[in-house]
Structures are given as structure tokens and as C-alpha cells.
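Each remark here refers to the structure printed beneath this line.
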């Protein structure tokens, strides 16, 4: 194999870089792990993407995230790097100091070593590879320094490969086809939706419909990488503007906080006062004023639920109760209500309120303007067939649920 044939492969350095970015979450952290400059890591990744003509990573919520093609590339890199690591552990038993194969081995080292093993001569190998004999000798010396032991025994009529050389040659013959098949594997991927769908969810929102929509997408489009994460509004809005997520769901505000964001209503809901089913408040309370001394479970400040909570008490010229427990998830709030004397202000769509946990009960007090809307927030310039598919699945899930 000539040197120029290796130009169509990922280099082993590029494999190490891709693996490190995946493990560490960013190019900066990968550069620290590999003891390389960040520019070197960035350049290696860019060259790998140019060689393969695919995007390997995209910017995500938690840093660099693999694309669908990146998953295929990583699988190849991991297979090759694991084989090198296994051989290094095997050879370590015969060395007196730490080996450096995992950090410095490249295809040219393996190619030269395999040719010398097969042909039994550095000069013949040099001729076969189209390089000079000094280049072969220099390469062999580099590998000897990595494995901390001799590779060949010099004989009268050539070079006799020792155990380490034979194992390295076998490694080359085993891993080269894996590297060579990567381009074909990428090109043979099915022509279907692929990429990332990263969905943010505001507290208390859409925990029941997003998993159903995800399951349907996963069944139809297995090459889409699905992600869901929860966070407060400003964090999710900023992540959406920065392209770290593709959309987020929850109670709609009076309008998005950024001019590039748009909102699509999906589902009507209502605020509801919820207490334990056997709570005495169900019998003694006739108005909001009867609730002023109760303990409350509410969402955090800055959320529509908290704003509505404060509006309730301002409507009766009362300050909102100070003693309140802030919860982040719908399930934890309901569970806390069941096991306490607290009252929760939550919101439910028409289906969920009829399916309320039997250990819970809605407090029968009329609330002013309880209507609210659950919807999805998008970036107006970052639409895609994947997001369109997700919205269609959400609408289908909601329709089936309400039916």
C-alpha cells in the first residue's frame, strides 16, 4: 500500500480526537485530555469532516454532540482505538516502562512495519512502499520507542520479526479494513430523516405527550438522535437562540423574549388548585380568602404559574403567602400534595384533569381567568423537516389523547 492510499482514511490522530471530543464534551476539554493545542484538535476534526464529507459534531445543550453520521464515524474510531489499546495492554507485560501506542501510533507506522514483516527486508519494503530505506528505518525506530522493546532480529539474509512486530502487523491487517469501509458505510446509510432533535421542556409541562411523540419518531426514523431536557424559561430560550436545542415546550408567555423566537399554541389548559383528597379544605373553603393561611406548593418565581399564583391573592387584596414550597416537576408536586397538608397550584389540560390521581382532588373554588395555553417555542430561522415531523407527531398525540 502506497502512502497516498492512506489519505482517504481517517488518521489515527483524528480517531483519537473524535473519541476525546465525544468523551469530554468539547474541543477544549479534548485538547487537555490529549495534551494537544485546541487549534490542533479543531484542525484534526475539520480535516476528518472534509475527508469523509460529513458533519461529525453539532453544538448541543451539553457541548459537542454527535450527528447521526458522527455516530457511525465514532463506532469505527472506537473499534480501531480499542484494538490498539488491547494490543498495548498485551505488549505492556514485556516492557519495563509505559508504552505510548495509544497516544502516538499512526497508519504509516503500521503500514511500514507490516511490509517489513511480510518481506523480511527494510530495503525491499521501502521499494514496495515507494519510500526511501532511511524513512523505513526511522519509522521502525519510532515504533520501537512506542513499544519499549525490539521489533526485529537482524539475520544474515534480512530481518526476522519478533512477537511485538508480528502482533502489530496483525493489528494493521485487522483494523485497516474497518477504516477503509467507513466511507462506504456512510454512503450506504438509508435515505431517511437523520440528525438531532433536541427538545427542552419547561417545568410541569408536556411530560406525557413528548415521550409518545418521541416513540413514534424513533420507530419511523431510527437515525434521528432524540434528546429531551428540562430547564427554566430563560435558559431554554437562550439555548434555542444559540442553536443548542431545536425547540422547547411549556406554558406560553404573553410573547417570546427574543425577536427570533416564535410560539405555536398546541393545547388548552387551566390552572387548578389541588389538595389531598381527604384534606379538610374541600369542605371548609368557599373562597380564595379561606386559603390565605394554607401552605402552598408552587413553581419558581418568573414562571407563568407563579405569576398567576400572585395574581390570585392580589385579586382579593392580599399578599401572596410567603411560606411556599417550590417544586420543579409535576410528579414531585403531586406526590408532595398526597403526603402533606399543602395545596398546589398546577395546570392541567382537559384530559389530565379528568384522569387526576384518586388520592388528589381539585379544591372547589372559582378562580379568575384560569385559562392558559401549552405550546412550542421555535427559532424562526432554524426550521427543519425533523422539527416539522415532531410538531406533527405532537399534534397527532394530542388529538389521540383528547379523543
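Is there a residue being in contact with a strand residue (DSSP E or B) (Cβ under 6 Å, 6 or more places away or on another chain), buried (at least 16 other Cβ atoms within 10 Å of the Cβ), assigned to a strand (DSSP E or B) and modelled with pLDDT of 90 or more anywhere in segment 219-236? Scanning segment 219-236 turns up no residue that is in contact with a strand residue (DSSP E or B) (Cβ under 6 Å, 6 or more places away or on another chain), buried (at least 16 other Cβ atoms within 10 Å of the Cβ), assigned to a strand (DSSP E or B) and modelled with pLDDT of 90 or more. Hey, among the residues in segment 151-192 that are assigned to a loop (DSSP other than H, G, I, E, B) and under 43 Å from the mean Cα position of the chain (by Cα), which one's nearest to residue 116 (Cα to Cα)? Applying the filter and picking the extreme gives 151.
Within segment 13-50, being in a loop (DSSP other than H, G, I, E, B) and in contact with a strand residue (DSSP E or B) (Cβ under 8 Å, 6 or more places away or on another chain) holds for 25, 26. Which condition does residue 280 not pass, out of (1) modelled with pLDDT of 90 or more; (2) surrounded by fewer than 13 Cβ atoms within 10 Å (Cβ to Cβ); (3) in contact with a strand residue (DSSP E or B) (Cβ under 9 Å, 6 or more places away or on another chain), if it passes all the others? All conditions pass for residue 280, except number (3). Filter segment 377-396 for residues that are within 20 Å of the chain's Cα centre (by Cα) and in a helix (DSSP H, G or I); which is surrounded by the fewest Cβ atoms within 10 Å (Cβ to Cβ)? Across segment 377-396, the extreme among qualifying residues is 385. Evaluated against (1) in contact with a helix residue (DSSP H, G or I) (Cβ under 9 Å, 6 or more places away or on another chain); (2) closer than 30 Å to residue 370 by Cα; (3) in contact (Cβ under 8 Å) with a residue 60 or more places away in the chain, residue 258 falls short on exactly one condition, (3).
Being within 19 Å of residue 10 (Cα to Cα) and in the same structural domain as residue 110 (by TED's automatic domain parsing): is that true of residue 179 here? Taking the combined requirement at face value, the residue satisfies it.
The values are calculated or read from the model by the stated rules, or taken from the named source; none is laboratory data. Computed from a prediction, not measured in an experiment: that's the story for all the values here. FYI the Cβ positions are ideal-geometry reconstructions off the backbone, even for glycines, and counts take in every protein chain you see.
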